[in-house]
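Written below as structure tokens is the structure these notes are about.
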Amino acid sequence: MDIALQDQGGAVVVAVSGEVDLSTSPKVRDTLLDCIARGSAVVVDLSGVAYIDSSGVASLVEAYQAAKSKGLGFCLAQVSETPMRVLKLARLDQVFIIHDTLDEAIAAVA
Amino acid sequence: MSDQLELLVEMGRHFAATQDIEATMSRALERISELMGAQGGALFVLEGDHLVCHASHGPIDVVGLTIEKGKGIIGRSVSNNVSEMVWDAQSDPSFYSEFDKQFDFTTRSILCAPMSVKDERIGAIEMVNKSTGDGLFNQDDLTLLEALAASAALAISNARMAGELAEREVMRRELQLAAEIQRGLLPSEDIEADTPVCGVNRPARIVSGDFFDHFALYDGRIAFTLADVSGKGMNAALLMAKTASLFRCLGKEDLRPGRLLQRINAEVCETAMRGMFVTMVAGVYDPATGRLVLANAGHEPPLVHGTDGRFTALSAGAPPVGIPPELTGGGPVPEEVLHLGGGALYIFTDGATEGYVAPGKELGADGFQEIIRTGQSGGLGPQARIAGVADALCASGEALRDDVTILVIDDTEPLKRRLVGDQMAPSIELQDMAAQDQPIEGSLCAMTLPARAESLCMVRRAVGQASETCGFNKEQCQDLVLAVDEACQNVIRHAYADSEGDMDIDIRRENGSLVILIRDFAPQVDVQAIQPRDLDDVRPGGLGVHFIREVMDDVEHLPPPDGQGNLLRLKKALKV
């Protein structure tokens, strides 16, 4: 699994790729919470995610709650088929704000 | 006198030709009675405190008659090892009148010659009531009887020795068979084999009280053991066989060495031979990481040979196997985790360090380490190195003082493979169902993995392949992978929590369903407490169980096979 960070138009784009599972999700969680702690709006780019499990989803939920409580923007972007299926299974596709493109997402949270 | 000589020669020949001394003696008694003109005769053999009649001739068959050792004229003859010629038996103070009364017989005269070989008293031959001539036994009769007694004594003594020899031969053969079976319990010693775990065993006697064993687990890790049963004889060999079988059997089921030793101890104690115990080391080594988990029940400290050339001893963690659990508290044997990092671990019995390399000179720990060091710098592989130690102990030509057994776990080659990235990742081989006309029922893939997050990616790969082979579409395959992954996560995070352990995963095709069995060896979880979370309550965590129930058709907690750990069965129907 890889994580790439990029400041873009007033938000941090966190691009996650590879497999997010029990062994890698803590890194996702820490990275996201770190960005929020620094006061950034966050766009999580899930286009490169090949697999995500409940622990990965939980990291996203936790980060979303942290952002909300600080009044920061938080959304998901370019969610590929596999993670989308997992979000749907968890009925979280209705909870997260999901955008099809990065530009839309950045514009929405910044 | 020529008749008498002829008789002796004939008897001698018979004795030489036949094992049936009693038949030969009956005939001899008949002939000698005729020659002497005696009414009858009997041969008595000393058996413990009694003289027992084994052959007789005359009006009364007295075979089987038993007389106390010192009683009667015959008893006197045997005790003093002197012949007796008694013309008037009734007036002899030693005469045993009970016999006459019992058989309504009148003994008048007796001629008796003792049988002995060197200092061994064997018995006597007795003739009664000479009826020819003056009715009195004479010196010629005595000479003849003594000659016959001497030849009978020799025949009986020879037969006894032959019997003992035959018995010893039977014992020897049985012992050899036992040794053969015992060798069959040990893995073969192949110098050429390129395996990181190998051992040697040299018994001091025919059978051995030591043993070692190792076998590969599903995921490429290797379980191993070395043990020393107290004593060296057949009893030690039998306990060795029992303990070795327990290791083979339980070792495949319980992959935590500390608990494995605890279970072996409980089994051994249930039927242990009093006062016998086994010092035993058991462990699991992972060539893919160099990690080794070790438990030691009272055994000689194993030696770690680091890549820096230094040897470090690891002490025992618990008393030996065979000490009842109620005396020791009965918990698992403490485990030690090592990272060999290219080094090696040597486990050996005291026969290796206390054996003689020269008369009176023990090899010692230093000598042991020296041979290993020299072998390693000479480029010898692990099997050749430990064989070098065993050979040094046998080189003196003397019999070994004790069984010699050495086991080595050598991480040198596995480390090289790890460095070039050729991970010895266990291959998951699914049965090739495409090649079959009929889809296979039963296990498609079974594996045992450490319950760690790093194992999950292998579980996903196996489930993905199995679901695809079963004909599920891409989306269903992804769902199945997720569900099994989540179930394994629960084992790792909740069942084992902070402790370590293994999980068995068996992916099966059964009655039109894909069935996944997940088994762990952790304390039992409260099944009632496992509930999927309410999805309206948005919070991190708790989603796993929901995923599993959403994806699978059937989720059931089953009682585990031997009441240990937890067993979960996930089922998904194959849609044709």
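Any idea how many residues of the stretch B:196-216 are surrounded by fewer than 19 Cβ atoms within 10 Å (Cβ to Cβ) and either touching a Pro at 6+ places or on another chain (Cβ under 9 Å) or small (Gly, Ala, Ser) (or both)?
So the answer is 3.
Tell me, yes or no, whether the stretch B:101-111 has at least one residue that is at pLDDT below 90, part of a loop (DSSP other than H, G, I, E, B) and touching a strand residue (DSSP E or B) at 6+ places or on another chain (Cβ under 7 Å). Within the stretch B:101-111, none of the residues are at pLDDT below 90, part of a loop (DSSP other than H, G, I, E, B) and touching a strand residue (DSSP E or B) at 6+ places or on another chain (Cβ under 7 Å). Residues that are surrounded by fewer than 19 Cβ atoms within 10 Å (Cβ to Cβ) and under 28 Å from B:ARG259 (Cα atoms) within the stretch B:330-359 comprise B:GLY330, B:GLY331, B:PRO332, B:PRO334, B:GLU336, B:VAL337, B:HIS339, B:GLY341, B:GLY342, B:ASP350, listed in sequence order.
Can you find a residue that is within 14 Å of chain A (Cβ to nearest Cβ) and modelled with pLDDT of 80 or more anywhere in the stretch B:552-567? Checked the stretch B:552-567: at least one residue is within 14 Å of chain A (Cβ to nearest Cβ) and modelled with pLDDT of 80 or more.
With respect to the conditions (1) at pLDDT 90 or above; (2) crowded, with 16+ Cβ neighbours inside 10 Å; (3) out of contact with any Ser or Thr (no Cβ under 7 Å at 6 or more places or on another chain), B:PHE521 falls short on a single one, namely (1).
Taking the stated definitions as given, is B:PRO114 in the same structural domain as B:GLY37 (by TED's automatic domain parsing) and in a strand (DSSP E or B)? Yes.
Being within 21 Å of B:THR132 (Cα to Cα), in a helix (DSSP H, G or I), modelled with pLDDT of 80 or more and assigned by TED's automatic domain parsing to the domain that holds B:VAL62 is a property that does not hold for B:GLU22. Looking across the stretch A:20-34, the residues that are of a type outside the set (Lys, Arg), surrounded by fewer than 23 Cβ atoms within 10 Å (Cβ to Cβ) and under 18 Å from A:LYS68 (Cα atoms) come down to A:ASP30, A:THR31, A:LEU33, A:ASP34.
Checked against (1) more than 11 Å from chain A (Cβ to nearest Cβ); (2) under 41 Å from the mean Cα position of the chain (by Cα); (3) at pLDDT below 90, B:SER455 meets all criteria but (1).
Each residue in the stretch B:193-222 was checked for being among the hydrophobic types (A, V, I, L, M, F, W, C) and under 22 Å from B:ASP403 (Cβ atoms), and 9 of them qualify.
Within the stretch B:377-388, can you find the residues that are part of a helix (DSSP H, G or I) and in contact (Cβ under 8 Å) with a residue 60 or more places away in the chain? Selection gives B:PRO382, B:GLN383, B:ALA384, B:ILE386, B:ALA387. Any residue in the stretch B:68-90 that is surrounded by fewer than 17 Cβ atoms within 10 Å (Cβ to Cβ) and part of a strand (DSSP E or B)? The answer is yes, given that some residue of the stretch B:68-90 is surrounded by fewer than 17 Cβ atoms within 10 Å (Cβ to Cβ) and part of a strand (DSSP E or B). Looking at B:GLU189, B:GLU164, B:GLU146, just one residue is acidic (Asp, Glu), modelled with pLDDT of 85 or more and more than 25 Å from B:PHE277 (Cα to Cα), and that residue is B:GLU146. So, in the stretch B:102-150, exactly how many residues are without any contact (Cβ under 8 Å) to a residue 12 or more places away in the chain and of a type in the set (Lys, Arg)? Residues meeting the conditions: 1.
All conditions but one from (1) farther than 22 Å from B:LYS232 by Cα; (2) touching a residue at least 60 places away in the same chain (Cβ under 8 Å); (3) crowded, with 18+ Cβ neighbours inside 10 Å apply to B:ILE371; the one that does not is (2). Selection of strands (runs of 3 or more DSSP E) fully inside the stretch B:442-561 by the criterion of at least 2 residues being in contact with a strand residue (DSSP E or B) (Cβ under 7 Å, 6 or more places away or on another chain) and farther than 30 Å from B:ARG259 by Cα returns B:513-520.
Restrict the check to the stretch B:497-509 and report whether at least one residue is surrounded by fewer than 21 Cβ atoms within 10 Å (Cβ to Cβ) and either within 14 Å of chain A (Cβ to nearest Cβ) or under 16 Å from A:ALA50 (Cβ atoms) (or both). Yes: the stretch B:497-509 contains one or more residues that are surrounded by fewer than 21 Cβ atoms within 10 Å (Cβ to Cβ) and either within 14 Å of chain A (Cβ to nearest Cβ) or under 16 Å from A:ALA50 (Cβ atoms) (or both).
The values are calculated or read from the model by the stated rules, or taken from the named source; none is laboratory data. Just so it is clear, the model here is predicted, and its values are computed rather than measured. So basically every Cβ, Gly included, is an ideal-geometry build from the backbone, and we count neighbours across all protein chains shown.
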